[in-house]
Amino acid sequence: MNKTRSTGWIVAFLAVLNIVIHLAFYNNLEYHRDELLYFSLGEHPAWGYASIPPATGLLAWLVSSLFGYSIFAVRLLPAIFSGALVVVSSQIAVLLGGRYYAQILTNIAIIVTPVFLRTFFLFQPVYLDIFLWSLLFYWLIRFQTSNSNGSLYGMGITLGIAMLNKYLIIVALSAILLSWVVTHHRTVFNRKALYGAAAIAFSIFLPNLIWQFTHDFPVIQHMEALQRSQLVHVSRSVFLGEQLLLSFSVLILVLPGLILLYNSKRNRSVTIAVVLVLFFLWLARGKSYYAAGIYPVLIAAGAVWWEKYLVRPFSMAILPVVMIGLILPILPIGLPIYKVDGLIRYFQKLEDKYGIDVGRRFEDGTIHALPQDYADMLGWEELTQIVDKAYKQTGNKENVLIYCENYGQAGAVAIIGKKYNLPEPVSFHESFFYWAPNSLKKEVREFIYVNDELGEDIPTYFADIREIGRIQNPYAREFGTRVYLCRQPKVSLKAVVEKRLKSTTPF
């Protein structure tokens, strides 16, 4: 067997290994809040949603149609794409002149990069975004290497699909175009193929653009809400510092990767594009993981750089051993390799022994016992059971309405509630707003209300209000969320709901 073929088998093995690693701990925690939302989107396929383009909802529909709604099914597709990222990154290394060692080193680095451990564990737009950024850089380097029009069309197709997944790809596109302007690649603007590729990208993205137009561009409202509630807490200095944590043990490849690309006249534009991406996100106070898509190409370039200087077997083995050795102690930060109690002990030990609270800062800037992603994977089963308990106490089910204040609660009732035969809840939050009924067929006699507290208006609507239960898990982000059973309406709830739908927005 020649070395090229054996390298192909090793790359395939490492791709499968990455998939297995991401599925090994799938059941240590519950569904993530966002996963419940996205699989709820899959119940209502559309060309757009309140906060994201359509790809995630359409993929959720596909997964649920084939495999159902189990936690394993939810985590399956991100894990598969973790393997695909290994393959694409390996091919980037080949384009940059890497041989068998560079490919294998790239693959190992992709597997142990902290940001990829977390993102390819959860069903969110981020895992596909990182993969598509990497694919876009693959086509970019292939074009700059071969000068082929086919690579430009590959970029166009990738860009169009990426726009259907997450609008963040516009940052990468802007950086690439500017990098062409300031390098000798500016001649690409004279090629008809570039504009053909742009037309393809626009055609793929057009259905979502039409949806945005017909729904008054909710993406603008979403960005404004994101800026008010989350990005305002992002420190620019923290953003830069956290870039080191995103790569951590593979930083030893990232920095040489920047050097190799910059020293290559053919691919210097890639370094410029990477720096511009970081600058744009720093300027906009973006979250640190927004930049995750730049790392596969830097890792591949760094592996090629090291391959040129490491010739002895011992020195070649040192790098992967160091990367793996460094990631093992902090693995629980990237993957929930323990169940809840073990994770709590781990993070508490980090604070007690080393005085650090890494990973435990929520989007609002506060510090908690667990990282926000982990806290968002607790309490949903408990909440759904309480809602089910309330629902069983109701009389005529045709006159019962379940209302949830936020999309996490609504997603739990909609998805986990399937095994309890719960009806789909009504919520005015996020995309649930779009499929809330314009009018109710029946008057509401019994109302199940889910919120972190009793809304001030609820007592004016009902004479009989009883708390059925609340989330008791103190580590859940929804700790204390309550479920009320409201009876003896004082007003027409049918009219109240219909009025609310006309006067509110998804955010």
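Read-outs throughout are calculated quantities, based only on the coordinates presented, and are distinct from any laboratory measurement. Computed from a predicted structure; not experimentally measured. Cβ placement follows ideal geometry from the backbone for every residue including glycine, while neighbour counts extend to all protein chains displayed.
Got a sec? How would Arg186, Arg75 order by Cβ neighbour count within 10 Å, fewest to most?
Ranking Arg186, Arg75 by Cβ neighbours within 10 Å, fewest first, gives Arg186, Arg75.
Starting from the Cα of Lys389, draw a straight line to each of the aspartates and glutamates and keep only those under 12 Å, dropping any in the same chain fewer than 8 residues away.
Result set, ordered by chain and number: Glu467.
In degrees from 0 to 90, rounded to the nearest 10, what is the angle of the helix 493-503 Cα long axis to the longest principal axis of the chain?
Between the helix axis and the principal axis of the chain, the angle is about 40 degrees.
Within straight cross-link reach of Lys499, meaning Cα distance under 16 Å, which aspartates and glutamates are found once same-chain residues fewer than 8 apart are removed?
Glu443, Asp457
Taking Cα atoms, how many degrees apart are the long axis of helix 3-24 and the longest axis of the chain, rounded to 10 and kept between 0 and 90?
Computed tilt is about 20 degrees.
Only Cα pairs under 8 Å and at least 6 apart count here; give the relative contact order of the chain as a rounded whole percent.
Dividing the mean separation by the residue count of the chain yields 16 percent.
Report ³J(HN,Hα) in whole Hz for each residue of the stretch 385-392, in order, from the Karplus equation J = 6.51 cos²θ - 1.76 cosθ + 1.60 where θ = phi - 60°; Gly and Pro get x.
5, 5, 4, 4, 4, 5, 4, 5
With everything on Cα atoms, drop me the angle between helix 218-229 and the longest principal axis of the chain, reported from 0 to 90° to the nearest 10.
Orientation of helix 218-229: about 90 degrees from the principal axis.
Any idea what diffusion coefficient the stretch 338-380 gets from Stokes-Einstein, in µm²/s, Kirkwood Rh on alpha carbon pairs, 10 °C, 1.306 mPa s?
Result for D is 149 µm²/s.
Relative contact order of the stretch 268-371, please, whole-number percent, based on alpha carbon pairs below 8 angstrom and at least 6 residues apart.
In percent, rounded to a whole number, it is 12.
Just rank Ser89, Ser237, fewest to most, by other beta-carbon atoms within 10 angstrom.
With the sparsest Cβ surroundings first, the list reads Ser237, Ser89.
Let me check I have the definition right: for the stretch 277-342, take the eigenvalues of the Cα gyration tensor, multiply each by 5, take square roots. What are those semi-axes in whole Å, largest first?
Over the Cα atoms of the stretch 277-342, the semi-axes work out to 28, 24, 7 Å.
Please list the non-local residues whose amide H lies under 5 Å from the amide H of Gly469, H modeled 1.01 Å from N, same-chain partners needing a gap of 5 or more.
Those qualifying (amide H under 5 Å, at least 5 residues apart or on another chain) are Val483.
How many percent of all Cα-Cα pairs in the stretch 311-437 sit more than 26 Å apart?
48 percent
Using the 10 angstrom Cβ neighbour count as an exposure proxy, how do Leu37, Leu29, Leu350, Leu326 rank, fewest first?
Leu326, Leu350, Leu29, Leu37
So for the chain: antiparallel DSSP bridges make up what percent, rounded to the nearest 5?
If I count the DSSP bridges inside the chain, around 70 percent turn out antiparallel.
Sequence gap at least 6, Cα distance under 8 Å: using those rules, report the relative contact order of the stretch 462-507 to the nearest whole percent.
Contact order relative to length: 38 percent.
Near Lys392, which lysines are there with a Cα under 24 Å away, not counting those fewer than 8 places off in the same chain?
Lys418, Lys419, Lys441, Lys442, Lys490, Lys494
Given all pairs of different Cα atoms, what value in angstroms does the Kirkwood hydrodynamic radius of the stretch 403-507 take?
Value: 14.4 Å, from the Cα pair sum.
Rounded to whole Å and ordered largest first, report the semi-axes of the equivalent ellipsoid of the stretch 464-507 derived from its Cα gyration tensor (root of 5λ).
27, 18, 4
Bin width 10 Å, origin at 0, all Cα-Cα pairs of the chain: what percent of pairs per bin?
Once binned at 10 Å, the Cα pair distances of the chain give 4, 18, 27, 25, 15, 8, 3, 1, 0.
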